[in-house]
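Down below is the structure, laid out as structure tokens.
The values are calculated or read from the model by the stated rules, or taken from the named source; none is laboratory data. It should be emphasised that the depicted structure is a prediction, and the values quoted were computed from it without experimental measurement. Heads up, the Cβs are rebuilt from the backbone with ideal geometry, glycines too, and the neighbour counts pull from every protein chain shown. For the accessible areas, the whole protein counts, side chains as well, though only heavy atoms, and no ligand, DNA or RNA atoms are used. Shrake-Rupley method; radii C 1.70, N 1.55, O 1.52, S 1.80 Å.
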Amino acid sequence: MTDFLLELRSEEIPARMQVKAKEDLARLFNDALAKAGLAAASVETFATPRRLALIANGLPMATDAVSEETKGPKLGAPPQAMEGFLRKTGLTQDQLIERDGVYFAVVEKAGRQTADVLAEAIPAIIRAFPWPKSQRWGAASASTESLRWVRPLQDIVALLGDDVVPCEIDGIYSGAETMGHRFHHSGTIHIANAADYAAKLRDAHVLVHFSERCRIIRDGAKAAAEAAGLTLVEDEGLVIENAGLTEWPVPMLGRFDPGFLAVPQEVIQLTARVNQKYFVCHDKAGKLANAFVCTANIDAHDNGAAIVAGNEKVLAARLSDAKFFWEQDLKVALDDQAKKLAQITFHEKLGSVADKVDRVAKLARWLVEEGIVKGASADDAERAARLCKADLVTGMVGEFPELQGIMGGYYARAQGESDAVADAIRDHYKPVGPGDDVPTAPVTVAVSLADKLDTLAQFFAAGMPPTGSKDPFALRRAAIGFLSLLLQNDLRCSLKGMLFATGAGASFAILEEFLIDRLKVQKREAGVRHDLIDAVFSLGGEDGLVRLLARVKALQAYISTAEGANLLAAYKRAANILKGSDPVSPVLDTARDALMADPADIALLGALDIAEPQAKKALEAEQFEDAMAALATLRAPIDRFFEEVMVNDEDAGKRAFRLGLLARFRDAVSQVADFSKIEG
């Protein structure tokens, strides 16, 4: 057994591609080995800005000899079949083996040297590599058959044990030499074998382990901030990105003019993070400090003073631009900005953004006036809705689209709008994802709900619902946001009524079904049993989603108890007996004694007389647990009924009475849910 090292050195690999590239390299390598009948004991991959590498441990030096058996024609088959089989196998008929009246071709294949397998696999892996974007280079790039790589490929290191695996692709020959850090090391580095790869490169200021670079950046950035009396705003995404940009990471603290703190902190943080890959810091009061942490790719002789100064200069220029946008935007009222929305197309079939804003404003007011969203001013809801998209035409959002809504909130507050209106403008896009906060402020809820409801209704009305995996207008995300707002805020409303208020036409039924399907998926993913959801939702006559889910919750709690399981079993037994029968209503009390002689009948009838109205009253009051408790009182009498009486009695009167009792029992239970859809 021995180890194998493969390093593919190139110009800079984009940071965002490195993690996936490591996975792809391991996959392609393992697939190539498997096709040759080889397997490594373990495979580890590495990525830095200038290299993609792999070490496979525990490779055999050769593949095992194998015997391949191919089934052929039967004895007595037509000559043409035999001739075709012999051509396919390259054998003569006397070389075939006959077994159970069938010919077989058995070919013994000798084992192959692992070095030969690898020599073929390396060029194949390079050519098949699935980079998201790749390029050709040099004179050979004139041909579409030339090598493609993420950036120009420069060297290949391929070592099996201490020996080079000879291979070539587009004039690049494998060897045992690589390069160290671009600035900290000059000349080539000779790699003896896989065991000394990481150490040799470390000596040349290259850390090949991605996790080690992440740790240095994470700990170093935190330490740099703490040394200045500050707290680092942790950002794992930035850690990963900086690790992909450096081979020898060195975190350093820099400063910027505190005058820039007059700009909203989200702008500063986004400028630092997106444009420069900097971490930001908070002061002791928890406010944004005029400090940042950058990650150098060099251990500078001046302790990084020149690097920090250069980064401070670049950030200052960026922040100056942001400050200019901020100050210019403040000079234009949001009402005036909103007028420009008529020039922006929302969708070619759905008009302009101004048209959408008008619809959302009317919906937001309606939601408040109808009492669906309580505790809000209808005027505030409409005002916030009419201004909620105005920041789309501002200079700041034009530069940083990620700040839409956030900047609108700042501009609204600056021009004297109420906090409720400003907050609604800021947060009306929320929630935008599964982990996002769900607004609870009444005005914000009204605007956010109206915005998402309008988007869904309009696209469905225009015949553009999601199809399969395609959802170009993010309607599934809008649906989840819409449902989260309803449920989180306990909004008691008719789904049909809300859809009707959008005026979106004949698409109501399709959209309603889509929303309910989304809700079912959402709840199943949260651990709610799918059969219980179906049992409640299939009842019909109810489209208040909050009430329906409260009923599902109560049902799940009850069915998980022994009483609930027994009641379910009794329901299914009753339903089976009633199949194919024609039950009648139970006989009136005056005739009861004449028809019935069994106390079990009387006990069940009495229990139903009490439980039915109690359950109905509890359901009307949305006391679903109480409804379950009322039904639970039927468990003992229904168990006794099945134990002590014969339902299909020879006496027609008794039989009809008892079938009627079972029908009443079934219908009483079905007030809560369709128990026929519950598993168990």
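Enumerate by residue number the GluC sites (Glu not before Pro) in the range 467-546 meeting two conditions: DSSP loop (anything except H, G, I, E, B), and at most 15 other Cβ atoms within 10 Å of the site's Cβ. In loop regions of the range 467-546 (DSSP not H, G, I, E or B), the sparsely surrounded GluC sites (Glu not before Pro) are Glu542. Local charge sum around Ala317 (other residues, Cβ-Cβ under 14 Å, Lys/Arg +1, Asp/Glu -1)? Computed value for this residue: -1.
Rounded to the nearest 20 debye, the dipole magnitude of the range 45-200 is 880 debye, with +1 charges on Lys and Arg beta carbons, -1 on Asp and Glu beta carbons, and the Cα centre as origin. Comparing Ala195, Leu483, Val150 along the charge dipole axis of the chain, the residue lying farthest to the positive side is Val150, per the Cβ-charge model. Long hydrophobic helices in the chain, taken as whole DSSP H segments with a C-alpha length of 18 Å or more on their own axis and mean Kyte-Doolittle hydropathy at least 1.0: 114-128, 475-488, 545-559. Rounded, prolate or oblate, given the Cα gyration tensor of the range 68-147, with a/c below 1.5 counting as rounded? Prolate is the answer for the range 68-147, as a/c is 1.5 or above and a/b outweighs b/c.
The lysines within cross-link reach of Lys20, meaning a Cα-to-Cα straight distance under 16 Å and a gap of 8 or more places when in the same chain, are Lys133.
Carbon-plus-sulfur accessible fraction, the range 146-211 (probe radius 1.4 Å, protein heavy atoms only): 51%. Along the axis of the charge dipole computed for the chain (Cβ charges of +1 for Lys and Arg, -1 for Asp and Glu, origin at the Cα centre), the listed residues Phe642, Met1, Leu52 are led at the positive end by Leu52. Quick check: net charge around Gly416, other residues with Cβ under 14 Å of its Cβ, Lys/Arg +1 and Asp/Glu -1? Once all neighbours under 14 Å are counted, the net charge is -2. Net charge dipole, the range 393-451: roughly 80 debye, given to the nearest 20, about the Cα centre with Cβ charges of +1 for Lys and Arg and -1 for Asp and Glu.
Mean residue ellipticity at 222 nm from the helices of the chain, using -39,500 (n - 2.57) per DSSP H segment of n ≥ 4 over the full residue count, to the nearest 500 deg cm²/dmol? If you can, show how the numbers build up before the last one.
Values: 26 runs with 330 residues, N = 680.
It comes out at -15500 deg cm²/dmol, rounded to the nearest 500.
In whole angstrom, the range 253-313 maps to an equivalent ellipsoid with semi-axes of 22, 12, 10, each derived as √(5λ) from the alpha carbon gyration tensor and ordered largest first. Rounded to the nearest 20 debye, the dipole magnitude of the chain is 1000 debye, with +1 charges on Lys and Arg beta carbons, -1 on Asp and Glu beta carbons, and the Cα centre as origin. Taking the Cα centre of each part, how many Å lie between the range 262-276 and the range 340-397? For the range 262-276 versus the range 340-397, the Cα centre distance is 27 Å.
At 1.4 Å probe size, put Trp149, Trp131 in order of accessible surface, largest to smallest. Intermediate results must be reported in sequence, preceding the final value.
Working: Trp149 0, Trp131 25 Å².
Order by accessible area, largest first: Trp131, Trp149.
Towards the positive end of the charge dipole of the chain, with charges on Cβ (+1 Lys, Arg; -1 Asp, Glu), say which of Ile307, Ile577, Val165 has the farthest Cα. The residue sitting most towards the positive pole is Ile307. Under the classification rounded if a/c is under 1.5, otherwise prolate if a/b is larger than b/c and oblate if not, where does the range 376-435 fall, given a ≥ b ≥ c as square roots of the Cα gyration tensor eigenvalues? Oblate, since a/c reaches 1.5 and b/c is not below a/b. Under 5 Å between amide hydrogens, built in the peptide plane, is the criterion, and for Ala291 it picks out Phe256, Cys281 among residues at least 5 positions away or on other chains. The calculated FRET efficiency for the pair Ile344 and Gln614, based on their C-beta separation and a Förster distance of 45 Å, comes to about 0.20.
Work through the residues other than Gly84 whose Cβ is under 15 Å from its Cβ and net out their charges, Lys, Arg +1 and Asp, Glu -1.
The answer is +3.
Pairs of Cα atoms under 8 Å, at least six residues apart: use those to get the relative contact order of the chain, whole percent. Please list the in-between numbers first.
Numbers: 1063 pairs, mean separation 48.9, N = 680.
Relative contact order comes out at 7 percent.
Shape class of the chain from the alpha-carbon gyration tensor: oblate, with a/c at 1.5 or above and b/c at least as large as a/b.
Under the simplified labelling scheme, the Asp162-Glu44 pair shows an inter-label distance of 2.2 nm, with each label point 7 Å from Cα along Cα→Cβ. I'd like the distance between the alpha-carbon centres of the range 68-84 and the range 610-680, rounded to an integer number of Å. One Cα centre to the other: 70 Å. Note on Gln265 and Ala199: the model spin-label points, each 7 Å out from Cα along the C-beta direction, lie 4.8 nm apart.
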